[in-house]
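Report on the following structure.
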Amino acid sequence: MKFLGIGSALPKKVVSNDDLAQVMDTSDEWIRSRTGIGTRHIAVEETTTSMSVEAAGKALKDAGVSAEELDLIIAATVSPDYIFPTLACEVQSALGAVNATAFDLGAGCSGFLFALATADAYLRTGRFKKALVIGAETLSKMVDWEDRSTCVLFGDGAGAAVISAEGNGLLSMVQGSDGAGGMALSCKNRPVNNIYHKLGPQQYSFTQMNGREVYKFAVQTVPKAVSEALEKAQVPIEEVKYFLLHQANIRIIESVAKRLHQPMEKFPTNLEKCGNVSAASVPILLDDVLKQGLLQKGDKVVLAGFGAGLTWGSCVIEWQA
Ligand code: COA
């Protein structure tokens, strides 16, 4: 496969660490020094669907592909607007992508990598030719705004890629899961509440995180996954132009860079302005890097995602667009 076009969308409202410090017991110093986050975009009028449609529209335009040409849409999200219909079907409807098969996939912050791997596998069957892969989240509705240890970390946004079956742009793909560690980062769905099992007053559940466990998991797993992807692709690490990692925490990215013996200059980031946008972070970062004109044909790039599940994914791409 190869990438034909990329797009992204962020909510209009920007919330700084100082803004948060006015409404909860936190500070710019605490957030910045522990995470590298300075601001995040928070959905007010936007929805997961509206941001996905905007990002997808830009990706289609960038690709020069019409919505009718798409035969596959996969949306990675843990925060869709509806449990059903799926986000992918909502996007299909809004775009008029009438010839596409559309479905969602949930793999937490690894979502975009998992969706890309799934789309690639579908394209390889020959049944599909052009796919739209989306990572989109409105995490601001999934966090408890009274829990300062989680709500300051996340932001909202969407990223999308149009990919084609023609091309050899994906050199390797590595994925993994560790369900046994899953409760380190969790958010419950609705509780059972029916005429036979009454729970009493319904309560929403919000994101729960053991930050230290997740940190340990990330710094141990991501360098291994990246090394494995490079080995599979037979690409020496020195040939990699950029490592585009899921944007969870600058200290995780620095630790991965150190463990891989690579300079931080090869690790572009946008978490200072976006925070952790879960499944949307990798495609938004890819879009940022492209907009800055940092990628040329033939460049080798590593993408890596990690997060809830626990899950991880990493791939090596050769830029062909
Ligand atoms: N502002 C101010 N203080 C805060 C705070 C905030 N927003 N959030 C937590 N604190 C406090 C804690 O209550 C604790 O206080 P205490 O010592 O009085 O109990 C103190 O800060 C230290 O918390 P600690 O958990 O030791 O901080 P840390 O150095 O481990 O950093 C994280 C916390 C969340 C930044 C860090 O664990 C992390 O980045 N983990 C990975 C999380 C992640 O990336 N998740 C998503 C993966 S997809």
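The values are calculated or read from the model by the stated rules, or taken from the named source; none is laboratory data. These numbers were taken from a predicted model, which means no experiment stands behind them. For neighbour counting, all protein chains shown are included, and Cβ atoms are generated from backbone atoms with ideal geometry for every residue, glycine included. Note: areas computed on protein heavy atoms with side chains; ligands, DNA, RNA excluded. Shrake-Rupley method; radii C 1.70, N 1.55, O 1.52, S 1.80 Å.
Hey, which lysines would be in cross-link range of Lys198, C-alpha to C-alpha under 24 Å, not counting anything within fewer than 8 residues on its own chain?
Lys188
Once the piece of chain linking Lys216 and Ser93 is laid out straight, how much longer is it, given 0.36 nm per residue of separation minus the C-alpha distance between them?
Taking 0.36 nm per residue and subtracting the Cα distance, the gain is 40.2 nm.
Charges on Cβ only, +1 for Lys and Arg, -1 for Asp and Glu, centred on the Cα centroid of the chain; of Gln220, Phe112, His41, which one is farthest towards the dipole's positive end?
It is Gln220, whose Cα lies furthest towards the positive end.
Quick one: dipole size for the chain, taken about the Cα centre, charges +1 on Lys/Arg Cβ and -1 on Asp/Glu Cβ, in debye to the nearest 20.
Here the size comes out at about 480 debye.
Under the Kirkwood approximation for Rh and a Cα-based Rg, what ratio Rg/Rh is obtained for region 104-236?
Rg/Rh: 1.05.
For region 87-137, what is the charge dipole size about the Cα centre, in debye to the nearest 20, if Lys and Arg each add +1 at the Cβ and Asp and Glu each add -1 at the Cβ?
340
Taking all protein chains together and a probe of 1.4 Å, list Tyr204, Tyr82, Tyr122 from the most accessible to the least accessible.
My answer, sorted largest first, is Tyr204, Tyr82, Tyr122.
Mind checking the full-extension length gain between Glu68 and Phe84? Use 0.36 nm per residue of separation minus the Cα-Cα distance, one decimal, nm.
Separation in residues times 0.36 nm, less the Cα-Cα distance, equals 3.5 nm.
Just to be sure I understand the model, the point goes 7 Å from the Cα along the line to the Cβ. What's the resulting Asp28 to Glu239 distance in nm?
According to this spin-label approximation, the distance is 4.4 nm.
For a label point 7 Å from the Cα of Arg124 along Cα→C-beta, name the residues of region 282-321 whose backbone N is under 20 Å from it.
From region 282-321, the list is 301-305, 312-320.
Send over the Kirkwood Rh of the chain, from the inverse of the averaged 1/r over different Cα pairs, rounded to one decimal Å.
19.6
Just for region 195-321, what percent of DSSP beta bridges are antiparallel, to the closest 5?
Taking every DSSP beta bridge with both residues in region 195-321, the antiparallel ones total about 60 percent.
Beta carbons within 10 angstrom, averaged per residue: use that to sort the peptides 275-281, 255-261, highest first.
Descending packing order for the listed peptides: 275-281, 255-261.
Leaving ligands, DNA and RNA out of it, report the carbon-plus-sulfur percent of the accessible area of region 189-282 at a 1.4 Å probe. Don't skip to the end; give the middle numbers.
On the way: 2720 of 5470 Å².
Percent of accessible area from carbon and sulfur atoms in region 189-282: 50.
Full extension from Lys141 to Leu199: what is 0.36 nm times the residue separation minus their Cα-Cα distance, to one decimal in nm?
Using 0.36 nm per residue and subtracting the Cα-Cα distance, I get 18.6 nm.
Can you compute the FRET efficiency between Lys13 and Arg251 using 1/(1 + (r/R0)^6), with r the Cβ-Cβ distance and R0 = 25 Å? Round to the nearest 0.05.
After rounding to 0.05, the efficiency reads 0.40.
Per residue, how many Å² of accessible area does the chain show with a 1.4 Å probe? Walk me through the numbers before you get to the answer.
Working: 14420 Å² over 321 residues.
Here the residues of the chain average 45 Å² of exposed surface.
For the chain, with a Gaussian network of springs between Cα atoms less than 10 Å apart, report the residue from Arg40, Arg148, Arg190 with the top mean-square fluctuation.
Greatest mean-square fluctuation among the candidates belongs to Arg190.
Toward the positive end of the charge dipole of the chain, about the Cα centre and with charges on Cβ (Lys, Arg +1; Asp, Glu -1), which of Val152, Ser278, Leu95 goes farthest?
Result: Ser278, furthest along the dipole toward the positive end.
Are any of the pairs Lys12/Lys224; Lys224/Lys300; Lys216/Lys297; Lys13/Lys258; Lys58/Lys129 more than 26 Å apart by Cα-Cα distance, and if so, which? Can you show the working numbers first?
Values: Lys12/Lys224 37 Å; Lys224/Lys300 18 Å; Lys216/Lys297 35 Å; Lys13/Lys258 34 Å; Lys58/Lys129 19 Å.
From Lys12/Lys224; Lys224/Lys300; Lys216/Lys297; Lys13/Lys258; Lys58/Lys129, over 26 Å: Lys12/Lys224; Lys216/Lys297; Lys13/Lys258.
Roll a 1.4 angstrom probe over the protein heavy atoms and tell me the percent of accessible area of region 1-137 that is carbon or sulfur.
52
Over the chain, with a Gaussian network built from C-alpha contacts below 10 Å, which listed residue (Asn210, Asn249, Asn193) shows the highest mean-square fluctuation?
Per the Cα network of the chain with a 10 Å cutoff, Asn193 tops the list.
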